[in-house]
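Undergrad: Encoded as structure tokens, here's the structure I'll be asking about.
Read the figures in this text as sums done on the coordinates, not as results from a lab. Owing to the predicted nature of the structure, the values given are computational and were not obtained by experimental measurement. No Cβ is skipped: glycine too gets one built from the backbone with ideal geometry, and neighbour counts run over all protein chains shown.
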Amino acid sequence: MSLCADNNAKEATSRQILKHIRKIETPMHDVRDLMVNIVQQYQQVDKVGYALGLFDKSASFIDSMSWCSIVGKMDHHKDTLNKNNKEHLTKLVSYLSDLTETFEENVVEKIQHYRDIWMKKVLLWDVAIIAILAAIMTLMFYSLNFSLDKNTIYNTLLSRPFFYSIIVVSVVFAFIVLHTLIRNKVAKKMLDDMNDNLPQGMSLTKSFSNNIKLKYSIFRPTPVGWNFWQQKRIHAVSSNLENLHDKLNTVLISYKDE
């Protein structure tokens, strides 16, 4: 997004937007203060988005909303807001409110849903591989005239410990390699099929890709980036919304339509 200047203006982050608004010399101090507060709350939600991998730091949840009409008014030292500006202000706060209320349902649960599907598919393939490897080992041992007698098996293993250790290590290594390949193969197929319904610049595929990295357990109960502190951050924004709504109502009452 640009700072509402011209088509050649560079893309702006929420931090640059906030810095720009704070520097504006405008007679509408209450509108500027409200905008500063609104952008600050969006920044808090953005931090959760970054942690979840929904987008990088050049994007923001505020990107999906029209804020330039209000900033443009302040930039040009206007001293009032028209009906259109008021509607945009209301939408900025309303979208933030809807976003925080449905964040877990529309973002976190969706990420976890894709991750659960991926986990189940990988586990099914793992079971199949274990069955195949077990069958191969059984045939191999029988081909080496293994007896089902426990003492015979024990004595045979003691007679050639290095050889049989190599077999076990090779089987385990083969399983790890195949498991890794399956994780990546299943993930690639799912990524090809995933359709995101998020604002431009945001994608569940980025978050899904973060969750399937080998360093994370396949049984991880929550998506990567969603923890106690991120939940507290979302709840804090929700708590601040009541104050935002009060300020918005005050601003709307203060300015007559042009």
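Undergrad: In nm, to one decimal, how far is the modelled label at Ala174 from the one at Glu101, with both set 7 Å along Cα→Cβ?
TA: 5.7 nm
Undergrad: Might you report the magnitude of the Cβ-based charge dipole of segment 8-85 about its Cα centre, with Lys and Arg at +1 and Asp and Glu at -1, to the nearest 20 debye?
TA: 100 debye
Undergrad: Considering the dipole of segment 14-59 built from charges on the beta carbon (Lys and Arg +1, Asp and Glu -1) around the Cα centre, which of Met28, Tyr50, Val39 is farthest to its positive end?
TA: Highest projection toward the positive end goes to Tyr50.
Undergrad: Let me ask you something else. What is the distance in Å between the Cα centres of segment 59-79 and segment 211-244?
TA: Between the Cα centres of segment 59-79 and segment 211-244 lies a distance of 29 Å.
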